[in-house]
Amino acid sequence: MSAEARLLQLGIELPPAPAAVANYLPFVRTGSLLVISGQLPLTAGRLDARHRGRLGREVGPADGAEAARIAAHNILAQARAALGSLDKVRAVVRLGGFIAAAPDFTALPGVMNGASDLMAEVFGAAGRHARTTVGVAELPLGACIEVEAMFEVDA
Amino acid sequence: MSAEARLLQLGIELPPAPAAVANYLPFVRTGSLLVISGQLPLTAGRLDARHRGRLGREVGPADGAEAARIAAHNILAQARAALGSLDKVRAVVRLGGFIAAAPDFTALPGVMNGASDLMAEVFGAAGRHARTTVGVAELPLGACIEVEAMFEVDA
Amino acid sequence: MSAEARLLQLGIELPPAPAAVANYLPFVRTGSLLVISGQLPLTAGRLDARHRGRLGREVGPADGAEAARIAAHNILAQARAALGSLDKVRAVVRLGGFIAAAPDFTALPGVMNGASDLMAEVFGAAGRHARTTVGVAELPLGACIEVEAMFEVDA
């Protein structure tokens, strides 16, 4: 099943691709690589209060994973804006997850799975990717997570 | 106008490309990609006291943006050292910005614009890039920012 | 001398490639690039107590550099699992080092050299790479370092 068909089947409606929040582009294509800027868990341009702050303090693991999934929705929205259709994605190559973490919060991989799971659901085997997840001090707008991506796409 | 001509017009004189501060290279080329190591805001090998410390504590936003611009100067110096001329750059693909941030400093995108703006000034539309900006705990030498880059270059 | 021969000569026995700790893959290949997920300093799936915590607090610089080297062993194990043999590596393009850092620990490059040195030992000139090293707040499992990699490999 194609990625766009799977999205429909899953009942996922992608948001409009968020604008970049400063002087850069949300994505750049180079050869068969599509590089997507770090995406925040914004919904309609807004950061929900539940997704603001640090994991291990203001934000619990379930809300963190939900935020990761929302950031991944925005990644898909950017990929569709770049390509016209997610069916032109050949593979998700890499996700980079930056999680705002309070001291001693080390359960980062489970939070980041909120993003990774979406890729596997939408792209199947082609959605399984390399990944780096780290806990950072602060993120733009006080978001609890930021996710960047690299895709392999049709030439 | 070419990137080198634009540099001249802007009155920007690039510094010598800084040496790597440990056992690695300042850049590596693979196919049409040029990958540039994280650059600090060093001027003549020195980190100005104004660019040492954390945003939101020792370093104000304007000094932080200036530091981002200096790091971007060093990125351009590395690209010129790699290619012989910035005119061989086809596009700036991605910048990664790591900003030393005190608790609750979330105005990271404006600081990072110091680097992004330079790319747009020098390369025009080809200088607009994907970007990820995060706030980190510490950086080498106590710098307030480190910027890495990926360029698409002539084959 | 080939990379596999050099490993033998150095007396380095690579560990089995660690499984990914969550819903992602340890590596993905795209064209001539091999992207390797962030690797922790795990030995036989375990994080030694000496490699848990922050540089500048629980973990000293020598133990940190040792942890970086172990993470780099795991990177090589992943590359071998991906390619069948390290002799198919053409070049190490980039390492990304994320070091858990206590406030004011800025001696990050020396710690990360534990990973970079191994690449130079195993691959010679082809092992010298671009690099970004930053100090982060927290890492998965409480590890003191996480290292990701990009290699150029035989088509």
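None of the figures in this text is laboratory data; all of them are computed from the coordinates on show. Keep in mind the model is a prediction, meaning the values are calculated, not measured. Every residue, glycine as well, gets a Cβ built from its backbone with ideal geometry; the counts of neighbours run over all protein chains shown.
Distances between placed amide hydrogens fall under 5 Å for A:Val59 paired with A:Arg54, all partners being 5 or more residues away or on another chain. Placing a label point 7 Å from Cα along the Cα-to-Cβ direction at C:Ala62 gives distances to the equivalent points in the other copies of 4.8, 4.8 nm, listed shortest first.
Under a model in which nothing but the beta-carbon of Lys, Arg (+1) and Asp, Glu (-1) is charged, chain A shows a dipole of about 160 debye around its Cα centre.
Which value results for Rg/Rh of region B:1-95 when Rg is the Cα radius of gyration and Rh the Kirkwood radius based on the inverse mean 1/r? Ratio of gyration radius to Kirkwood radius for region B:1-95: 0.99. Please check which bits of region A:25-41 a label hung off A:Ser2 would reach, taking the label as a point 7 Å along Cα-to-C-beta and the cut-off as backbone N under 13 Å. Under 13 Å, as judged by backbone N against the label point of A:Ser2, lies no residue of region A:25-41. Report the antiparallel proportion of the DSSP beta bridges in chain A as a percent, rounded to a multiple of 5. In chain A, DSSP labels about 70 percent of beta bridges as antiparallel.
In sequence order, region B:102-117 has phi-based couplings of 6, x, 6, 8, 10, 7, 6, x, x, 5, 5, 4, x, 7, 5, 4 Hz under the Karplus curve 6.51 cos²θ - 1.76 cosθ + 1.60, θ = phi - 60°, and Gly or Pro positions carry x. Look at the stretch C:15-25: the mean tally of other chain Cβ atoms within 10 Å of its residues' Cβ atoms is 6.
Rounded to the nearest Hz, the phi-derived 3J(HN,Hα) couplings of region B:18-28 under the Karplus curve 6.51 cos²θ - 1.76 cosθ + 1.60 (θ = phi - 60°) are x, 5, 5, 8, 7, 7, 7, 9, x, 7, 9, where x marks glycine and proline.
With its label point put 7 Å out from Cα toward Cβ, C:Ser85 sits 4.2, 4.2 nm from the same residue's point in the other copies, in order from shortest. For C:Pro15, inter-copy separations between label points set 7 Å beyond Cα along the Cβ vector come to 3.9, 3.9 nm, shortest first. Site pair B:Ser32 and A:Asp48 shows an inter-label distance of 4.1 nm when each label is modelled 7 Å from Cα along Cα→Cβ. In this structure, the amide hydrogen of B:Gly38, modeled 1.01 Å from its nitrogen in the peptide plane, lies closer than 5 angstrom to those of C:Arg131, C:Thr132, C:Thr133, counting only residues at least 5 positions away or on a different chain.
Remark on region A:39-155: ratio of C-alpha radius of gyration to 2.2 N^0.38 Å is 1.02. The string of couplings for region B:55-63 from the Karplus curve (6.51, -1.76, 1.60, θ = phi - 60°) is 5, x, 9, 6, 10, x, x, 5, 5 Hz, one whole number per residue in order, with x for Gly and Pro. Comparing A:His73, A:His51, A:His129 in a Gaussian network model of chain A (Cα springs below 10 Å), the most mobile by mean-square fluctuation is A:His129.
The trypsin sites (Lys or Arg not before Pro) of region B:15-85 that DSSP puts in a loop, and whose beta carbon has at most 14 other beta carbons within 10 Å, are B:Arg57.
Using C-alpha pairs under 8 Å with a sequence gap of at least 6, the mean separation divided by the residue count of region C:3-153 gives a relative contact order of 34 percent.
Label reach from C:Ala19 (point 7 Å along Cα→C-beta): in region C:45-72, amide nitrogens under 16 Å belong to C:45-47.
In this simple spin-label model, placing a label point 7 Å from the Cα along the Cα-to-Cβ direction at both C:Arg57 and A:Ala125 gives a separation of 4.4 nm. Of A:Ala79, A:Ala22, A:Ala100, the residue with the greatest mean-square motion in the GNM of chain A, using alpha carbon springs below 10 Å, is A:Ala22. When chain B is treated as a GNM with alpha-carbon contacts under 10 Å, the residue of B:Pro140, B:Pro18, B:Pro26 showing the greatest mean-square fluctuation is B:Pro140. Largest first, the extents of the alpha carbon coordinates of the protein assembly as shown on the three principal axes equal 56, 56, 44 Å. Taking every residue in B:93-101 and counting other chain Cβ atoms within 10 Å of its Cβ, the average works out to 6.
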